[in-house]
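A.B. asks: Here it is, the structure, as structure tokens.
The values are calculated or read from the model by the stated rules, or taken from the named source; none is laboratory data. Since the structure is predicted, the reported quantities are computational estimates derived from the model, not experimental observations. Methodologically, a virtual Cβ is constructed for each residue, glycine included, from the backbone with ideal geometry; neighbour enumeration extends over all protein chains shown.
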Ligand SMILES: Cc1ncc(COP(=O)(O)O)c(C=O)c1O
């Protein structure tokens, strides 16, 4: 049986307790708000893309459950220093991982640390928590003024 | 009647199951209660034996369906001590009942410059319809503040009340905090300035006895599904003298007497407010649920639920890192709380895997969350079939959650 520890792996607990890239960036050229009205999770992401199209810095602020905070923290680590042009593919890859069939084994080679979040598939009501930050970052990337939601 | 917990539990088939290999502990009664076998049977029986439309046929089934539907109205009128059955309007639930009053009574009686007074602890369903009405007619919505225990500040209520107040909307028992409000005093003071009062009894009606005549309440609303009855049905109980003056809420079949293209003559009460084919099986199930409550009796119910809340509260008070949200002197059945280092939403998931069902979220009372500066709370809500052992299971599961996040 799927155990709680598969969802709340140590990595997630740890990122929840001490989220990476937390707080407002001093210099940023993109930002967006995300809100999950069902749980009251609120996120704000800041993004600094340099002239070479590289995500030079990324951070987030806000409050939410362990899944949403850890996911945001892991996301910032995963995209920091990568070309903005690759974001869309990363977004799709993450979205796929958390909604894929349970039998599908997440490709850790490609997903890296993000794979620890594949456990949310077992908890349909919690998938939203994991993807909120990705939707918010997408809004920031596209400079959307709308508050990101997960639906 | 003696309260026999084992017998009561046996009345609710859903309770007898395991989740993840552990016995189900259902502590989300404020969201909806479980249904006793007699209610399930009454609904099945209606569909198996009596199904027909009401008030429309002369055939036997239609007469049976009508008798069942109107019989339920009678049971409900008796339960709330309404003056007569014409004061009992079936709706889809508390929400629709409030919308009916806001739209029909409010539309005809609230004008620009008037005030509608609600409280800080209302469910969204007793906020938004009034907001919409006020916006529409140019009236002002005022809010009675609450204190740190989650009680209404009555001095502030009296100050906010004025000749401009047309209606006071107040929740009888808060779903987010458990607070039981002094509605009798509120009604008296509101009437003194000429305001009408709507009491939202969605939470209260299954837990405390309500006598609409003794209270002299103008509008009392509730939902069957929080009273061991089915979803999709509820009531508005209102003074006939007021209902008579109110325009219809929706138009259609059943609510009319004569229709021509020039003019429609509306039906008598209560049908004037029941357009269209109603939720017949729902009403029948609702009536049966009320008979179930009556068979146990509020003396036994209140005593038992007080005992259980006291047991849970004592545990909560000594639980490390737990902060209760809502500690009113007068409260019932609800233990709302936050736990240091564990978000309510994570608690909800972790407790679920221990087969403990609670609600985590804002409980449709976002202003309450704002007041207590929390994004959400975890809420265990009790009912007459819950046991001390289930409270123990709740706290054991909370310990487990703390361990996961340690
Ligand atoms: C205090 C209170 N009022 C109103 C409602 C709305 O009830 P319903 O959704 O059944 O219309 C609820 C239900 O959550 C409630 O707890």
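Every residue, every condition in (1) under 30 Å from residue B:406 (Cβ atoms); (2) free of Cβ contacts under 8 Å to residues at least 12 places away in the same chain, yes or no:
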| position | (1), (2) |
| --- | --- |
| A:4 | yes, yes |
| A:7 | yes, no |
| A:22 | yes, no |
| A:28 | no, no |
| A:64 | yes, no |
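A.B. asks: Return the total of residues in the stretch B:386-404 being surrounded by 23 or more Cβ atoms within 10 Å (Cβ to Cβ) and either outside any helix (DSSP H, G or I) or on the phi > 0 side of the Ramachandran plot (or both).
C.D. replies: Number of matching residues: 1.
A.B. asks: Is it true that residue B:377 is closer than 16 Å to residue B:402 by Cα and within 16 Å of the ligand (Cβ to nearest atom)?
C.D. replies: Spelling it out, residue B:377 is indeed closer than 16 Å to residue B:402 by Cα and within 16 Å of the ligand (Cβ to nearest atom).
A.B. asks: Right, something else. If you check residue B:370 against the conditions, is it at pLDDT 95 or above and surrounded by fewer than 20 Cβ atoms within 10 Å (Cβ to Cβ)?
C.D. replies: Values: at pLDDT 95 or above: no; surrounded by fewer than 20 Cβ atoms within 10 Å (Cβ to Cβ): yes.
Considered against the rule, which asks whether it is at pLDDT 95 or above and surrounded by fewer than 20 Cβ atoms within 10 Å (Cβ to Cβ), residue B:370 comes out as no.
A.B. asks: Going residue by residue through the stretch B:166-181, is there one that turns out to be assigned to a loop (DSSP other than H, G, I, E, B) and surrounded by fewer than 20 Cβ atoms within 10 Å (Cβ to Cβ)?
C.D. replies: There is no residue in the stretch B:166-181 that is assigned to a loop (DSSP other than H, G, I, E, B) and surrounded by fewer than 20 Cβ atoms within 10 Å (Cβ to Cβ).
A.B. asks: Okay, next question. When you go through (1) surrounded by 19 or more Cβ atoms within 10 Å (Cβ to Cβ); (2) more than 16 Å from the ligand (Cβ to nearest atom); (3) assigned to a helix (DSSP H, G or I) one by one for residue B:213, which number turns out not to apply?
C.D. replies: (1)
A.B. asks: Give the number of residues within the stretch B:222-258 that are loosely packed, with under 13 Cβ neighbours inside 10 Å and without any contact (Cβ under 8 Å) to a residue 24 or more places away in the chain.
C.D. replies: 3
A.B. asks: If you go through the stretch B:335-353 one residue at a time, how many are assigned to a loop (DSSP other than H, G, I, E, B) and surrounded by fewer than 20 Cβ atoms within 10 Å (Cβ to Cβ)? Even if it seems obvious, please write down each step before you answer.
C.D. replies: Narrowing the stretch B:335-353 to residues assigned to a loop (DSSP other than H, G, I, E, B): B:340-341, B:343.
Then keep just the ones that are surrounded by fewer than 20 Cβ atoms within 10 Å (Cβ to Cβ); that gives B:340-341.
Qualifying residue count, the stretch B:335-353: 2.
A.B. asks: Just checking, does the stretch B:318-331 include any residue being within 13 Å of another protein chain (Cβ to nearest Cβ) and in contact with a helix residue (DSSP H, G or I) (Cβ under 8 Å, 6 or more places away or on another chain)?
C.D. replies: Looking for residues that are within 13 Å of another protein chain (Cβ to nearest Cβ) and in contact with a helix residue (DSSP H, G or I) (Cβ under 8 Å, 6 or more places away or on another chain), one finds none in the stretch B:318-331, hence no.
Residue-wise test of (1) away from the ligand (no atom under 16 Å from the Cβ); (2) surrounded by fewer than 15 Cβ atoms within 10 Å (Cβ to Cβ).
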| residue | (1), (2) |
| --- | --- |
| B:61 | yes, yes |
| B:67 | yes, yes |
| B:73 | yes, no |
| B:92 | no, no |
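A.B. asks: Would you point out the residue of the stretch B:23-59, among those that are within 16 Å of the ligand (Cβ to nearest atom) and part of a loop (DSSP other than H, G, I, E, B), that is farthest from the other protein chains (Cβ to nearest Cβ)?
C.D. replies: It comes out as B:35.
A.B. asks: I'd like to check which helices (runs of 4 or more DSSP H) are fully inside the stretch A:1-80 and have at least 2 residues that are within 14 Å of chain B (Cβ to nearest Cβ) and more than 18 Å from residue A:132 (Cα to Cα).
C.D. replies: A:4-7, A:10-17
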